[in-house]
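Enquirer: Here you go, one structure.
The values are calculated or read from the model by the stated rules, or taken from the named source; none is laboratory data. These figures come from a predicted structure and were not determined experimentally. Reconstructed Cβ throughout: ideal geometry from the backbone, glycine too, with neighbour counts over all protein chains shown. All accessible areas refer to the heavy atoms of the entire protein, side chains included, with ligands and DNA or RNA removed. Shrake-Rupley method; radii C 1.70, N 1.55, O 1.52, S 1.80 Å.
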Amino acid sequence: MKKQHLLILIAAFCTWTHSVSYAQKPTTDVPIEQGQYEPTWQSLAQWECPEWFKDAKFGIWAHWGPQCQAEAGDWYARHMYFESERQGKYHREHYGNPSVYGLKELCRDWKAENWNPEELVALYKSVGARYFFTLGQHHDNFDLWDSPYQEWNSVNIGPHRDIVGEWANACKRNGLPLGISMHGSHTWTWLEISQKYDGNLTKADGKGQWWEGYDPQELYAQRHEPSRGWEQPGTTHSQWDWKDGASLPSEAFKRKFQNRVLQCINAYQPDMIYFDDTVLPFYGCDDQIGLNILAHYYNHSAARHGGQQQVVPMGKILNEEQKDVLLWDVERGIPDKIQEKYWQTCTCIGSWHYDRDRYNRDRYKSAQQVVDMLVDVISKNGNLLLSIPIRADGTIDEKERAILADIKEWMDQNSVSIYGTRPWKTFGEGPLADSATPLNKQGFNEKNNYSAEDVRFVQRDGTLYATIMRWPSATTFTIKSLGRQSPYYEKKVRRVTLLGYGNLRFRNTDAGLEVTLPSQPCNKIAPVLAVTF
């Protein structure tokens, strides 16, 4: 009986502490920091991509949150509610009906019990990453920091740890710039299917439940008329820019999102912010929210850096004018030519959220594929942000570690051809350079079949770096862009060095620069030639 009474007292205390913390929730908006940037397109066009980001070239992303609890792939918190979807079937087999075990329970049971951010950030830096990104919140609307404007966060529920804060501290100790990605603006439509299950629960329904004192609508945001076609899995894609019948978000929902992002900026000082949106959050139904966030972000940075902002926000599907305001991010894709304005591609070696099936079937990108993308991207004036999926418990698997080890081996030998470089007169030559591979709206064209005939160029400090995308079978290789008859020819080549090996014999000819490679490769991925004139 005494033990039972103790448990009752503990439960009562937890409920009381919940109510106390909610009573202390902010009742006012986070003020937008004032300065030289105003929340207008014209004023924000003063932004310039800082040189530190252009020099960094390669970042690693921890796209990790409560949806990884199931280890069943991306968009789990949405697809678990669709009975016909693979993840919906998985959910019912492993957890039961989502009316009883829904998103809120997934958040509760995610514990991150073996997570060591210091070890992972140090590992990523050793591999060659020069910046790091953490998920701030996904479309699941669960904030991964001590968020006063969102009670459903990782400090209150689940791991009971400040995920963003601990990543941030690890970045500081390892000297890596910190990025935070924000995806929560689309929760409004993305979770509409949950209305058929637990998505319309309110705070009053929690009496006697584990979540008593919490309001599910702070997480689900579903007390609204759903969008046209809301019961079909694929309709969210057509609603991504708030068109084609999407239910428009309320003023309270938009204001809450703005407050969460501004508070996160103030608390953690991120060097980069990624918005998983067409242009900016709520673009197409309310431009002002995104512009408010950018004005605050730029003024906040300028105030801390002697009047010069040093931050990089990122959005998708930008036109040329919008690329003056923030950085263009391309999802899983690469443009087919050098871009005038700096940009980034984001990709993953597997699914964005950890997928046990990908692991079991050996369906990760190889180190060769990652290096291919990195070399191609920087030749076209961009950076590569690579996601390494993290398991529910906060660890990465042994196959991912092997891929990272292979990337590190190549980078240790050839990173001089990566960091601090800029595009040359042409990005490359070979079959893929000669055939256009245009982007499909926001990306998704990364499956390029590079060959030993494909070469990519970058330059730095008077040296041209030419990466042959595969080791040629013959020891003699000709770089046509450096031939005396090439439109890119300017000066006679003075020296050719194979990184990780030494000087090579070469000949300047009308047809190209003919080099003699060693009979055995000096790395497992691709040779890099350093050419001086």
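Enquirer: Short version: what are the Cα gyration tensor semi-axes of segment 251-299, square root of 5 times each eigenvalue, largest first, in whole Å?
Expert: Numbers: eigenvalues 61, 30, 17 Å².
Working through the eigenvalues yields semi-axes of 17, 12, 9 Å.
Enquirer: Taking the Cβ of residue 455 as the centre, find all other residues whose Cβ is under 11 Å away and add up their charges (Lys, Arg: +1; Asp, Glu: -1). Spell out each step's value before the answer.
Expert: On the way: positive: 456, 470, 480; negative: 376, 429, 453, 454.
Cβ neighbours under 11 Å give a net charge of -1.
Enquirer: In cubic angstrom, how much convex hull volume per residue do the alpha carbon atoms of segment 194-260 span? Mind showing how you got there, number by number?
Expert: Working: hull volume 7.4 nm³, N = 67.
Given the Cα convex hull of segment 194-260, per-residue volume reads 110 Å³.
Enquirer: By the scheme Lys and Arg +1, Asp and Glu -1, what is the net charge of all other residues having a beta-carbon under 11 Å from that of residue 483? Show your work: numbers first, answer last.
Expert: Working: positive: 480, 484, 507; negative: 429, 510, 514.
Computed value for this residue: 0.
Enquirer: Further question: Per residue and in cubic angstrom, what volume does the convex hull of the Cα atoms of segment 148-256 have? Spell out each step's value before the answer.
Expert: Details: hull volume 15.1 nm³, N = 109.
Cα-based convex hull of segment 148-256, divided per residue, equals 138 Å³.
Enquirer: Using a probe of 1.4 angstrom, how much of the accessible area of the chain is carbon and sulfur, in percent? Can you show the working numbers first?
Expert: Values: 10330 of 21370 Å².
Heavy-atom surface of the chain belonging to carbon and sulfur, 1.4 Å probe: 48 percent.
Enquirer: Dividing the convex hull volume of the alpha carbon atoms of segment 347-483 by its residue count, what do you get in Å³ per residue?
Expert: Per-residue hull volume (Cα only) is 140 Å³.
Enquirer: I would also like to ask the following. Grab the eigenvalues of the alpha-carbon gyration tensor for the chain, scale each by 5, take roots, and send me the semi-axes largest first in whole angstrom.
Expert: On the way: eigenvalues 413, 124, 91 Å².
So the equivalent ellipsoid measures 45, 25, 21 Å along its semi-axes.
Enquirer: Can you give the % of DSSP beta bridges in the chain that are antiparallel, to the nearest 5? Present the calculation step by step, with values, prior to reporting the outcome.
Expert: Values: 28 of 64 bridges.
Beta bridges within the chain, antiparallel portion: roughly 45 percent.
Enquirer: Using the Cβ atoms and a cut-off under 13 Å, what net charge is assigned to the surroundings of residue 145, where Lys and Arg are +1 and Asp and Glu are -1? List each step's numbers first, then the result.
Expert: Values: positive: 161, 260; negative: 143, 146, 151, 162, 166.
That works out to -3.
Enquirer: Rounded, prolate or oblate: which fits segment 68-110 when a ≥ b ≥ c are the square roots of the eigenvalues of the alpha-carbon gyration tensor, with rounded for a/c under 1.5 and prolate only if a/b beats b/c?
Expert: Details: a/c = 1.64, a/b = 1.18, b/c = 1.39.
Cα axes put segment 68-110 in the oblate bin.
Enquirer: Using the heavy atoms of the protein chains alone and a 1.4 angstrom probe, what is the accessible area of segment 114-254 per residue in square angstrom?
Expert: Details: 4830 Å² over 141 residues.
Accessible area per residue: 34 Å².
Enquirer: Along Cα→Cβ, 7 Å out, is where each label goes; now give me the distance between the ones at residue 357 and residue 405 in nm to one decimal.
Expert: Simple spin-label model gives 2.9 nm for this pair.
Enquirer: From the cross-link list 254/323; 89/203; 57/256; 104/256; 243/380; 425/447, which pairs have alpha carbons spaced over 22 Å apart? All intermediate terms of the calculation are to be shown ahead of the outcome.
Expert: Details: 254/323 24 Å; 89/203 29 Å; 57/256 33 Å; 104/256 19 Å; 243/380 32 Å; 425/447 25 Å.
The pairs that break the limit, which is 22 Å between Cα atoms, are 254/323; 89/203; 57/256; 243/380; 425/447.
Enquirer: Rounded to the nearest whole Å², what accessible area per residue is found for segment 443-533 with the 1.4 Å probe?
Expert: On the way: 4710 Å² over 91 residues.
I get 52 Å² per residue for this part.
Enquirer: Then there is this: Multiply the residue gap between residue 223 and residue 255 by 0.36 nm, knock off their C-alpha separation, and tell me the result in nm, one decimal place. Mind showing how you got there, number by number?
Expert: Working: separation 32, 0.36 × 32 = 11.52 nm, distance 1.64 nm.
In short, 9.9 nm is gained.
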